[in-house]
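**Student:** Quick one: structure below, then a few questions.
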Amino acid sequence: MKGRVLLIDDEDDFRLSMAQALDLAGFEVEDHSDAQSALHLLSFGFRGIVITDIRMPRLDGLSLMNRVAEIDAEIPVILVTGHGDVQLAVRSMRDGAYDFLEKPFKTTHLTEIAARAMEFRRVLLENRVLRAAAGQNDDLEQRLIGRSSLMIDLRRRMRTIGPTEADVLIVGETGVGKEVVARALHDLSSRATKPFVAIDCAALPASLIESELFGHEAGAFAGALRERYGKLEHAQGGTILLDEIGSLPTQVQGKFLRAVEKRVITRLGSHDERPLDVRFMATSRKPLEEEVAAGNFRPDLLYRLNVVTLTVPPLTDRQEDIPLLFSKLVQEAAGRYSCEPPPLSPRVISDINSRPWPGNVRELRNAADRYAMGIALQPLDGEDEQPMRLADQVAAFERNVIAAALLNHGGKLKPVYESLGLSRKSLYEKMQKYGIDKTRFGLDADETDD
């Protein structure tokens, strides 16, 4: 296969014609009639390209291109246009589109542009892996935002573990970004150009779970009319992520243990072992040792999976990261909704810092989406029931004003003390008093203030 193509067009006949041409040219094609249904397939490090029509209901091609850029700005997007949209497509190329095709076009022209875009994407992804392996700057800071010691340590460990072949167990609360960590580890590895297959263990149908994972031969059970690859086999050469591995039924865990231990699988209805060249990763919301103690998880499977364990910290353990993270999420949301990102006032920063965020980054992202659209944060239950002393309110206000200014100026001190009417010495003293670290607000420690 030459690579993966995500094809979106609401005209069924035209989409089918393009899909057939690309398939005959050796591409792996997945076609959709609307952009919204295709978005969940995209991720940072997506191993392919996007071809989309411009004029579509609900989410049009240009809006889709902007959404793709938020996920990974270097995924090539090829626009398909009608005669009246050519000037629009040309302008879109200045905004990041890889190329455009004007209807009607020859299928050979389509496949040639797709091949060039795919080669561009392949080389780019290879260079990312090489840069990571050489210890050069990578994109982990953009994918896992935070300057707390916990996040710095997590990214350091990921850079060490990513290029290895070690299986990894990723533990963390709901919404902390466990799958983001897994995808980043995959992208740092030599398997980066191969498939990344995420399996939601909790969503697998109980009656078909073995067939879904291991595949089956024709006639293996009623309704099995032809042989079928399982999800494990589909990931050959790449990485398998077992999301919420603790949900895997105990009767399947034994067979799965053999796949992890021996790197072989046996399809249902067959006695032949098939080699499996994959790297395993697994996630869990709570320590699997508890499931082992409760008799719900095999200890030998746990020992095989947790060669390395990474813990993704919740927001409650890295509260100093919340303002910068929220600011980044608001900017991303503003890009998706084609609006100007609203400023973050001291009151807003104080508000987001005071919230527990049980849904972690996922919940924070939803709040950032609403804020970017002009919807104010909902008040906390009972937040007015325990008023602060005047001195505490003044101190909190002063700290949040300084924090907001640092956030808006990327951590640079000179525009902060000038805008606040303070001397450099006074600003330093107040930052020391309130425990404010400028590096938490977007400026690296080795950057200058001016």
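The values are calculated or read from the model by the stated rules, or taken from the named source; none is laboratory data. Not measured: the values here are computed from a predicted model. For neighbour counting, all protein chains shown are included, and Cβ atoms are generated from backbone atoms with ideal geometry for every residue, glycine included.
**Student:** Looking only at the range 401-411, how many residues end up being under 17 Å from PRO342 (Cα atoms) and either assigned to a helix (DSSP H, G or I) or not assigned by TED's automatic domain parsing to the domain that holds LEU325 (or both)?
**Tutor:** Matching residues across the range 401-411 total 7.
**Student:** Note down all Cβ pairs under 7 Å where the first residue falls in the range 337-350 and is of a type in the set (S, T, N, Q), the second is part of a helix (DSSP H, G or I) and surrounded by 13 or more Cβ atoms within 10 Å (Cβ to Cβ), and they're at least six residues apart or on different chains.
**Tutor:** Final answer for the pair search is SER345/ALA404; SER350/ALA396; SER350/ASN400.
**Student:** Pairs, please: C-beta under 7 Å, at least 6 apart or cross-chain, first residue in the same structural domain as ILE402 (by TED's automatic domain parsing) and polar (S, T, N, Q) and in the range 412-426, second surrounded by 15 or more Cβ atoms within 10 Å (Cβ to Cβ) and outside any loop (DSSP other than H, G, I, E, B)?
**Tutor:** Between residues of the range 412-426 that are in the same structural domain as ILE402 (by TED's automatic domain parsing) and polar (S, T, N, Q) and residues that are surrounded by 15 or more Cβ atoms within 10 Å (Cβ to Cβ) and outside any loop (DSSP other than H, G, I, E, B), the close pairs are SER419/ALA405; SER423/TYR417.
**Student:** Which members of the range 33-58 meet the condition of being modelled with pLDDT of 85 or more, more than 29 Å from SER189 (Cβ to Cβ) and not polar (S, T, N, Q)?
**Tutor:** ASP34, ALA35, ASP53, ILE54, ARG55, MET56 - these are the residues of the range 33-58 that are modelled with pLDDT of 85 or more, more than 29 Å from SER189 (Cβ to Cβ) and not polar (S, T, N, Q).
**Student:** For the range 368-379, indicate whether the set of residues that are at pLDDT below 70, surrounded by fewer than 12 Cβ atoms within 10 Å (Cβ to Cβ) and either over 27 Å from the mean Cα position of the chain (by Cα) or β-branched (Val, Ile, Thr) (or both) is non-empty.
**Tutor:** yes
**Student:** Every residue in the range 222-245 that is buried (at least 19 other Cβ atoms within 10 Å of the Cβ), over 12 Å from SER211 (Cβ atoms) and at pLDDT below 90, please.
**Tutor:** Matches in the range 222-245: ALA235 only.
**Student:** In the range 42-61, which residues are over 25 Å from GLN87 (Cβ atoms) and in contact with a strand residue (DSSP E or B) (Cβ under 6 Å, 6 or more places away or on another chain)?
**Tutor:** Scanning the range 42-61 gives ARG47, GLY48.
**Student:** Can you tell me which of THR160, THR164 is out of contact with any Gly (no Cβ under 8 Å at 6 or more places or on another chain), over 21 Å from LEU315 (Cα atoms) and either at pLDDT below 85 or assigned to a loop (DSSP other than H, G, I, E, B) (or both)?
**Tutor:** Step by step, each of THR160, THR164 is checked, and only THR164 is out of contact with any Gly (no Cβ under 8 Å at 6 or more places or on another chain), over 21 Å from LEU315 (Cα atoms) and either at pLDDT below 85 or assigned to a loop (DSSP other than H, G, I, E, B) (or both).
**Student:** Go through the range 208-310 and tell me which helices (runs of 4 or more DSSP H), entirely inside it, have 2 or more residues that are free of Cβ contacts under 8 Å to residues at least 60 places away in the same chain and farther than 24 Å from ALA184 by Cβ.
**Tutor:** 209-214, 250-262, 288-293, 299-305
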